[in-house]
Amino acid sequence: MSLLRASSGFAGDFKIIDLPFGNGVVESLRSGDLVHLSGIMYTGRDQTHRRLCAMLDKGKELPVNLAGQLLYYVGPSPARPGRVIGAAGPTTSYRMDTYTPRLLELGLKATLGKGSRSMTVRESMKQHGAIYLAAFGGAGALLSQRIKSVDLVAFEDAGPEAMFRFEVEEFPAVVINDVVGNDFYEQIAAGS
Amino acid sequence: MKTIEASTITEAVRELAVTAAYDLEPDILEALIAARDRETSPLAQSVLELLVMNADIASREKIPACQDTGICTIFISLGQDVRIEGDLIKAVQEGVRIGYDEGYLRKSVCDVITRKNTGTNVPAVVHVEVEAGDQCRIRFLPKGCGSENMSGLKMLPPSAGIPGALEYIVETVVNAGPNPCPPLVVGVGIGGTFEKAAYMAKKSLLRPVGLAGDREDVARLEKDVLNRINREGRGVHGLGGGNTALAVHIDTFPTHIASLPVAVNIQCHSHRHKEILL
């Protein structure tokens, strides 16, 4: 664990970020920044997104106010008795692209997953001052140790696709899209 | 004639399902460690170290290495001198069901029309091949769909030739970008028919990571494609460096004079595969 605890072992320093975000924090982050997230985040993947947007279509109130929050794209494996959660790494984000702009309009400040976002989502993030981060895909066992508590928020019948509230400690991630429109994957592909 | 009880098959599959999720095989672990040791990008190297640590935690804590414990593809090579006492396919599905339940593995299989989760992770996709002998070999390949979704198949004209086929493979991997969790194992099937190419691509993933194919000319193509993919510099998780792929496995089969099918099955770094011989 020392690799991620001590910045000296990893390539670069981790910025310490509390969740939900304090004033100006989202705006201060730039593509390529490594962060340690601590505090509260909400989760959701395909089914949760589909249902949240269906609720909005019907003019219903969402189960949680997403303004100022971070939404983590994850469908955890079941917890063994005595454990908080099973493996809980990120799922691929582009599947949420269709739904994301509507949630950003509600004030959602950040999304966390893995892989590239569409141009539409990137434009929407710029417009609403939101960011996108990548967690380390396929490191679900390690990441589960950074999740300190889990509460069900909504859609229990969706099983692993339900919406949860996580309390996390030093959850590692990389900023991919910042508020000024940079995309870290693009920067890497361009050789910068 | 050798008899194998269906219950023996169920127990074997249950064990494969659970251990595949927790314990990465030595071939993929060694490939990740070798990639870490030769990686020149500090960020990519750190991420590779994290993945090696993750595998260690998964194995020690009996927690899946990745939460996407996949949809299961199971290849059975059934000796023609084996008699199964009971229903083979039912026995296999039952093994998957029990394994995913008892192992605290994620149930990720849903009805394709209603999207309702089956709640059991069955059905698994089962392929049975009959061969000479009196053994039953079961190979278990649970696959997450972050990588599966980035796979592709193209029916090229013969005029595209092998250069065209190689270009399609590289393009498929590069276009996948960071989505399928690189570093990847790239399974390729060239030739045969539409479904044969896809079948070969998936089955080639069962080879020990990086083990060259039987044909010398094909082995050269594997090396060539691997170098071309890694020269693109997308790297581990798309964060840069020289390890977008750990290996390219190409299987071939004769094809029609009018055809050149090419299938690319992308596998993530959490390359879970197990087998047992009964």
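Each reported figure results from applying straightforward, stated rules to the coordinates on display, with no laboratory input. Since this is a predicted model, take the numbers as computed values, not measurements. As a convention, Cβ positions derive from the backbone with ideal geometry for all residues, glycine included, and neighbour counts pool all protein chains shown.
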At R0 = 45 Å, FRET efficiency that the Cβ-Cβ distance of A:Gln187 and B:Glu85 yields, to 0.05: 0.15
Filtered chymotrypsin sites (Phe, Trp or Tyr not before Pro), the range B:77-159: DSSP coil and at most 12 other beta carbons within 10 Å: none
Charge tally in the Cβ shell below 14 Å around A:Ala141, where Lys, Arg are +1 and Asp, Glu are -1, A:Ala141 excluded: +3
Mean projection area, nm², convex hull over Cα of the range B:157-201: 3.5 nm²
The range A:2-189: antiparallel DSSP beta bridges as a percent of all, rounded to 5: 55 percent
Which of B:Cys181, B:Cys136 has the fewest Cβ neighbours within 10 Å, and the rest in rising order: B:Cys136, B:Cys181
Any cysteine of the protein assembly as shown lacking a neighbouring Cys Cβ under 4.7 Å - listed by number: A:Cys53, B:Cys66, B:Cys72, B:Cys110, B:Cys136, B:Cys145
Fraction of antiparallel bridges per DSSP, chain B only, in percent to nearest 5: 55 percent
Rg ratio (alpha-carbon, reference 2.2 N^0.38 Å) - the protein assembly as shown: 0.98
Rounded FRET efficiency, nearest 0.05, which uses the C-beta distance separating B:Asp56 from A:Gln127 and R0 of 41 Å: 0.45
Cα centroid of the range B:242-270 to Cα centroid of the range A:135-192, whole Å: 31 Å
Relative contact order of the range A:2-189, pairs being alpha-carbon contacts under 8 Å that are 6 or more residues apart, as %: 29 percent
Footprinting exposure proxy for B:Leu205, B:Leu48, B:Leu153 (fewest neighbouring C-beta atoms within 10 Å first): B:Leu153, B:Leu205, B:Leu48
Reachable lysines, given that their alpha-carbon falls under 20 Å from the alpha-carbon of A:Lys126 and they are not under 8 places away in the same chain: A:Lys109, A:Lys114
Proxy reagent accessibility, fewest Cβ within 10 Å first, across A:Ser149, B:Ser159: B:Ser159, A:Ser149
Mean projection area, nm², convex hull over Cα of chain B: 15.2 nm²
Relative contact order (%) - chain B, alpha-carbon pairs under 8 angstrom, separation at least six: 26 percent
24 Å Cα-Cα reach of B:Lys274 towards lysines, excluding residues that sit fewer than 8 places from it in its own chain: B:Lys2, B:Lys62, B:Lys90, B:Lys107, B:Lys143, B:Lys196, B:Lys202, B:Lys203
Aspartates and glutamates with Cα under 14 Å of B:Lys116, excluding same-chain neighbours fewer than 8 positions away: A:Asp46, A:Glu156, A:Asp157, A:Glu161
Calculated Rg and Dmax of chain A using C-alpha coordinates, Å: 15.8, 51
Rg/Rg_globular for the range B:1-128, with Rg_globular taken as 2.2 N^0.38 Å and Rg from C-alpha atoms: 1.29
